[in-house]
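These notes concern the structure reproduced below.
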Amino acid sequence: MPVRPRYLTNLNLQDFFETACEIPYQKIDSELFPNIELWIRRDDLLDPLISGNKAYKLIYNLIEVREQGADTLVTCGGAWSNHIHATAAAGARFGFKTVGIIRGERPRVLSPTLSDAERFGMTLRFVSRADYRERHSSGFMNRLGLDGPGIKYVPEGGANQRGAEGVKQLGTILEKTSPIEFDECWLACGTGLTLGALAGALNSSGIRLVGVSVLKDGGSIERDARYWQGRCADVERQVSVVSEAHCGGYAKFPDYLAAFQRNFERGTGVPLDPVYTAKMAYALHREDLAGSLSGRRILMLHTGGLQGCRKSIKK
Ligand SMILES: *Cc1c(COP(=O)(O)O)cnc(C)c1O
């Protein structure tokens with residue numbers, strides 16, 4: 001089966017979810033996972049630029065920009081943000097302006113992520129770290145002169161109710177399109193929104209959701225996942241967070257993780273990103289070797305992020 005990316009040509013819910021229903025599930029036969037039946041759902045293939053979970057978080061926000069007659073989408077992020085990259089690409093593709101509020105001073109050389117974003121037409125506004133910390137306060141947009149009519153603000157990472165609704169749809173699609181019945185579904189977590197919204201969507205099924213924290217989160221992921229689940233569903237369902245697989249912290253990429261990623265990619269042909277999906281796969285590999293998952297049927301979600309691979313080239 002050829003695994004080619006789809007390409008979102010229209011800003012249209014029906015097209016988006018039809019495309020999402022065609023995303024392939026691949027069975028992973030690899031000695032890195034000797035004791036489980038492992039599959040991966042390839043949401044990195046949704047679109048080369050508007051990919052992974054960021055696409056699900058964006059879709060309703062993008063539709064809303066158009067329905068409100070707005071012409072500009074403003075959002076925030078760091079220098080390697082998958083969300084900034086996807087938002088800039090979506091603005092270029094679907095014909096509206098984008099502004100990215102970026103943490104820190106403008107560097108002399110932009111990261112590949114930000115240089116793409118600028119090329120896609122995004123206006124980059126660099127703000128000090130102190131100002132950036134105020135991004136959740138009410139006057140933030142006003143102080144930047146960005147609160148006029150025609151402007152829609154989407155928080156960092158696409159973390160708003162619209163974002164959660166898009167991820168909920170992914171949950172529905174999972175139940176509809178899974179090739180087998182899974183015992184567990186593993187995914188990488190940054191904020192926990194994707195984990196929480198999926199948990200809210202999967203109420204009917206017996207699948208256990210496991211989120212792998214890619215940062216030293218001190219409990220914030222579980223908290224946020226519970227919050228977003230509450231916004232998506234009435235019944236609370238148990239989710240698990242693996243909090244010791246961050247490999248040193250956010251965007252830390254030690255040699256053993258790089259070696260694992262190379263082995264995984266060579267053995268499976270599936271590319272991973274260093275910040276999120278490599279850590280998720282590594283955590284599952286360790287858990288499998290520890291023997292606690294024997295015989296389970298496990299689905300990994302490929303949440304995208306491949307634009308960030310250029311980070312490891314720099315290293
Ligand atoms: C943003 C991101 C995540 C984390 O999503 P959250 O909803 O913030 O937990 C996981 N994987 C990739 C590739 C991402 O870009």
All-but-one check, Ile180 against (1) surrounded by fewer than 24 Cβ atoms within 10 Å (Cβ to Cβ); (2) under 25 Å from Trp80 (Cα atoms), failing number (2)
Tell me the residue from Thr75, Thr87, Thr98 that is of a type in the set (Val, Ile, Thr) and either surrounded by fewer than 17 Cβ atoms within 10 Å (Cβ to Cβ) or over 20 Å from Gly190 (Cα atoms) (or both), please.
Thr98
Tell me, which residue of the range 22-57 that is in a strand (DSSP E or B) and more than 14 Å from the ligand (Cβ to nearest atom) is farthest from Leu301 (Cα to Cα)?
Glu37
For the range 192-230, give me each residue that is at pLDDT below 95, assigned to a loop (DSSP other than H, G, I, E, B) and not charged (D, E, K, R).
Leu202, Asn203, Ser204, Ser205, Gly206, Ile207, Gly218, Gly219
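Please specify each residue of the range 162-192 satisfying the condition of being within 12 Å of the ligand (Cβ to nearest atom) and farther than 19 Å from Arg231 by Cβ. Spell out how you get there, then give the answer.
Step one: filter the range 162-192 for residues within 12 Å of the ligand (Cβ to nearest atom), giving 163-164, 166-167, 170, 186-192.
The answer is Trp186, Ala188.
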Might you let me know whether the range 231-247 holds any residue that is within 16 Å of the ligand (Cβ to nearest atom), modelled with pLDDT under 95 and part of a helix (DSSP H, G or I)?
yes
With the checklist (1) under 17 Å from Ile23 (Cβ atoms); (2) among the hydrophobic types (A, V, I, L, M, F, W, C); (3) crowded, with 24+ Cβ neighbours inside 10 Å; (4) within 13 Å of the ligand (Cβ to nearest atom) in hand, flag the one item Ala199 doesn't pass.
(1)
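For the range 266-274, does any single residue satisfy the condition of being polar (S, T, N, Q), within 14 Å of the ligand (Cβ to nearest atom), surrounded by 15 or more Cβ atoms within 10 Å (Cβ to Cβ) and modelled with pLDDT of 95 or more? If you could, list the steps in order and put the result at the bottom.
At the first step, the residues of the range 266-274 found to be polar (S, T, N, Q) are 268.
Of the ones still in play, those that are also within 14 Å of the ligand (Cβ to nearest atom) are none.
No, the range 266-274 contains no residue that is polar (S, T, N, Q), within 14 Å of the ligand (Cβ to nearest atom), surrounded by 15 or more Cβ atoms within 10 Å (Cβ to Cβ) and modelled with pLDDT of 95 or more.
Does Arg262 satisfy being more than 9 Å from the ligand (Cβ to nearest atom) and either surrounded by 14 or more Cβ atoms within 10 Å (Cβ to Cβ) or of a type in the set (S, T, N, Q) (or both)?
Details: more than 9 Å from the ligand (Cβ to nearest atom): yes; either surrounded by 14 or more Cβ atoms within 10 Å (Cβ to Cβ) or of a type in the set (S, T, N, Q) (or both): no.
In short, no.
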Residues (among the hydrophobic types (A, V, I, L, M, F, W, C), within 24 Å of Leu293 (Cβ to Cβ) and within 12 Å of the ligand (Cβ to nearest atom)) located in the range 210-230
Val212, Val214, Leu215, Ile221, Ala225
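Just the residues that are within 20 Å of Leu49 (Cα to Cα) and in contact with a Gly (Cβ under 9 Å, 6 or more places away or on another chain), please, taken from the range 119-137.
Initially, the range 119-137 is screened for residues within 20 Å of Leu49 (Cα to Cα), giving 119-124.
Matches in the range 119-137: Phe120, Gly121, Met122, Thr123, Leu124.
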Out of the strands (runs of 3 or more DSSP E) lying entirely within the range 63-179, which hold 2 or more residues that are modelled with pLDDT of 95 or more and either in contact with a Lys or Arg (Cβ under 8 Å, 6 or more places away or on another chain) or within 19 Å of Val275 (Cβ to Cβ) (or both)?
72-77, 97-103, 123-127
If a residue must be surrounded by 12 or more Cβ atoms within 10 Å (Cβ to Cβ) and either without any contact (Cβ under 8 Å) to a residue 24 or more places away in the chain or not charged (D, E, K, R) (or both), how many such residues does the range 218-235 contain?
9
Please verify whether Tyr60 is outside any loop (DSSP other than H, G, I, E, B), under 17 Å from Val167 (Cβ atoms) and more than 13 Å from the chain's Cα centre (by Cα), treating the condition exactly as stated.
yes
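The values are calculated or read from the model by the stated rules, or taken from the named source; none is laboratory data. Owing to the predicted nature of the structure, the values given are computational and were not obtained by experimental measurement. Note that each Cβ is placed from the backbone with ideal geometry, even for glycine, and that neighbours are counted across all protein chains shown.
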